[in-house]
Amino acid sequence: MTAGIATNSKGQAWFCTTGLPSDVVVDVDDMTFHLHKFPLMAKCRKLHELITEQEANVTPDSVGVERNSEQENEEIQEDKAEKAEDEKQEQYCHVTFPGFPGGPETFEMAAKFSYAVKIELTPSNVAPLRCAGEVLEMTEEYCEGNLISKTERFLSQTVFRSLRDSIETLKSCEHLIPLAESLGIVERCIDSIAAKVSAMDPSLFGWPVNEAMPSSTGAVNSQGGGARRIGDATRATAGGDWWLDELTFVTPTLFKRLIMAMKGQHLSNEIIENCLLCYAKRHIPGINRTCRKPLSSSIPSEIEQKELLEAMVTILPEQNCTRSSTSVKLFFGMLRTANILNASDDTKSALEKKIGSQFELATLDDLLMPSYSYLTETLYDVDCVQRILSHFLDSVEDRTAALMLVGKLIDGYLSEIALDANLKPEKFCELAAALPEQARVYDDGLYRSVDVYIKAHQWIPESDREKVSGVLDCRKLTLEACTHAAQNERLPLRAVVQVLFFEQLQLRHAIAGTLMAADMGPSDSERSPARRQEVVEDDETVVEEGEDGTWRAAVRENQVLRLGMDSMRTRVHELERECTTMRKAIEKIDHVEPPGWRGSLTRKFGCKFKTQVCDSHESTMVETRKGRTNRSHHHSVR
């Protein structure tokens, strides 16, 4: 018995050649099958009924003929004989199956099974064949060892024992709804997947949201069989995240049901959240800024994207689960997409809370979300960032390290949005003052933001300048920032005076600390004369103590500290004179200063500072003076 496929003017035709002419024609979609009724009727109750019904309704055609002449009679007899021969050859039963489950491919396998041709069941074809057996009524009661019993046995003994096979069978049910649903195939696949995932060791699988999503092409061999399958434990050890990638190919409706089943199995929120992130990453374009196209082959419409996004967010676990910069980036991408698609307010609020719970893992690029509302004049969505910051502060508790990371992040964000001409001073100050005091060790980053804002908004009145600069805590500026601010002509006079005052205090404290460090040096009685050796080279005293260089380092540090102390004393005296002079001059200045007041003050008081770049990290005076040690005067160790 051989089977072949040929093409005619009506489309595709499938012939089963057994040496006998076919007497049954079955149309499935665009394929026509030329078969024999007896093998089909022996296995399929439905075909038996249809063929029997057609045979009972067929009646021979009768033709009336009048004898006009012998010549006409002969011609009629010849035509009748030819017509009878053609009818004899063309007599067959015609059956049509619209919307057959699995299409022509599945019917072909069912037909081969009826002809006793061996077919191979796989996780991808067992569900369509089970549905085909249901349509054709290939039951065990009608014929022993029929298609329904064989497919059910394969499902229970093979598919539902393997996580990979269960996922593959669930994916094949996409075009079998609602028949696969009524037969319980979908529900059993979902229950099997949820049970297998909950039983797996979480330490075995990694998360594809932290890596590039692998391709699933060829994940399942089309040729089934127990010998070709590898155990789930082996696959999990080799690459435990394979099943997360496989689940992204399930339809949204089935995927949502699968997630609900996982929740019913009390699966960890981290696994559920990662499943949702992987699925959204594949099916919703725009979540990744580096890849605007979806990873799936078909691009959903905007309405479908919006519905999918809202459904994904609805079933997201409320608890804080995955904590990584990659997951935060994906949440920001989902929030950005929600704004573009005009998703519901509940969806946006849920995403903002998820981001706020792990805000310290975000980057500056994540925060720079464009404003898509026509009601907002600013370039970036500042209100959204402010809401996220509020959620973070509500959940941060006593995580000082997280506070400091967010403080640095917000200062960088303020520097970026400060260039926006439409950003109001009130909005800038509100966001800058939203962080608690312990979020910033130094206010250098905030000072940089203030300087950028005032420079970009030169037209604002002096009152707004004072309001913006008022967010600074001059006591938390480093010496470098103080020096830069003291000669910054864009700052209001009040801010400059405060900076000079607190710079003087910092120098006094630094001198006090230097003196204390110098006085705490080891005395001569504590040193070991037996192990000490003094060497004088080029006006520099070097102390060596055998293999231990402790005393040598202490002596050199002492010399550096003394040099720094002398320099700071001179600087303090200069600042005291300058502050005294400025204090007297300020009393004479009216509230409205004439143009060019700062330049005249600088020339009048002789305030000359070396311009330095503001840095958020304070460098010690000792480090800046170490390079001058070799050029200093000779000091002996006492």
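The values are calculated or read from the model by the stated rules, or taken from the named source; none is laboratory data. Computed from a predicted structure; not experimentally measured. Reconstructed Cβ throughout: ideal geometry from the backbone, glycine too, with neighbour counts over all protein chains shown. Please note that ligands, DNA and RNA were not included when accessible areas were found on the heavy atoms of the full protein model with its side chains. Shrake-Rupley method; radii C 1.70, N 1.55, O 1.52, S 1.80 Å.
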- Task: Would you confirm whether any residue within the stretch 328-341 is open to solvent by 20 Å² or more (accessible area, probe 1.4 Å) and not in a helix (DSSP H, G or I)?
- Result: yes
- Message: Residues to consider are Phe392, Phe428; find the one that is of a type in the set (Phe, Trp, Tyr), open to solvent by less than 10 Å² (accessible area, probe 1.4 Å) and within 26 Å of Cys474 (Cβ to Cβ).
- Response: Phe428
- Scan Arg153, Arg188, Arg161 and give me the residue that is surrounded by 15 or more Cβ atoms within 10 Å (Cβ to Cβ) and modelled with pLDDT of 90 or more. Arg188
- Would you mind telling me which numbered condition in (1) in contact (Cβ under 8 Å) with a residue 60 or more places away in the chain; (2) crowded, with 21+ Cβ neighbours inside 10 Å; (3) small (Gly, Ala, Ser) Ser198 fails? (2)
- Criterion: in a loop (DSSP other than H, G, I, E, B) and charged (D, E, K, R) - qualifying residue of Arg490, Arg475, Arg448, Arg465: Arg490
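Go through the stretch 250-266 residue by residue and tally those that are over 16 Å from Ala199 (Cβ atoms) and outside any helix (DSSP H, G or I).
Of the residues in that region, 2 qualify.
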- Taking Ser344 as the residue in question, decide whether it is open to solvent by less than 50 Å² (accessible area, probe 1.4 Å) and in contact with a strand residue (DSSP E or B) (Cβ under 9 Å, 6 or more places away or on another chain). no
- Among the residues of the stretch 367-375, is any open to solvent by 70 Å² or more (accessible area, probe 1.4 Å) and among the aromatic types (Phe, Trp, Tyr)? yes
- Restricting the first residue to the stretch 390-403 and requiring it to be of a type in the set (Ser, Thr, Tyr), which pairs with a second residue that is open to solvent by 60 Å² or more (accessible area, probe 1.4 Å) meet a Cβ separation below 9 Å and a spacing of at least six or different chains? Ser395/Asn320; Ser395/Lys353; Thr400/Gln438
- Item | Subset of the stretch 410-425 (residues that are assigned to a helix (DSSP H, G or I), touching a residue at least 40 places away in the same chain (Cβ under 8 Å) and open to solvent by 20 Å² or more (accessible area, probe 1.4 Å)) | Gly412, Glu416
- Task: Output the strands (runs of 3 or more DSSP E) that fall wholly within the stretch 1-116 and possess 3 or more residues being modelled with pLDDT under 80 and within 30 Å of Ile177 (Cβ to Cβ), or say none.
- Result: 11-17
- Task: Any chance you could count how many residues in the stretch 458-471 are open to solvent by 30 Å² or more (accessible area, probe 1.4 Å) and hydrophobic (A, V, I, L, M, F, W, C)?
- Result: 2
- Working only within the stretch 475-485, note down all residues that are more than 17 Å from Tyr453 (Cα to Cα) and open to solvent by less than 10 Å² (accessible area, probe 1.4 Å). Leu477, Thr478, Cys482
- Is it the case that the stretch 381-388 has a residue that's surrounded by 14 or more Cβ atoms within 10 Å (Cβ to Cβ), of a type in the set (Asp, Glu) and in contact with a Phe, Trp or Tyr (Cβ under 7 Å, 6 or more places away or on another chain)? no
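Please specify each residue of the stretch 131-160 satisfying the condition of being without any contact (Cβ under 8 Å) to a residue 12 or more places away in the chain and either part of a helix (DSSP H, G or I) or within 29 Å of Lys256 (Cβ to Cβ) (or both). Spell out the reasoning first.
First, pick out the residues of the stretch 131-160 that are without any contact (Cβ under 8 Å) to a residue 12 or more places away in the chain: 140-141, 144-145, 149, 153, 156-157.
Ser149, Arg153, Ser156, Gln157, listed by residue number.
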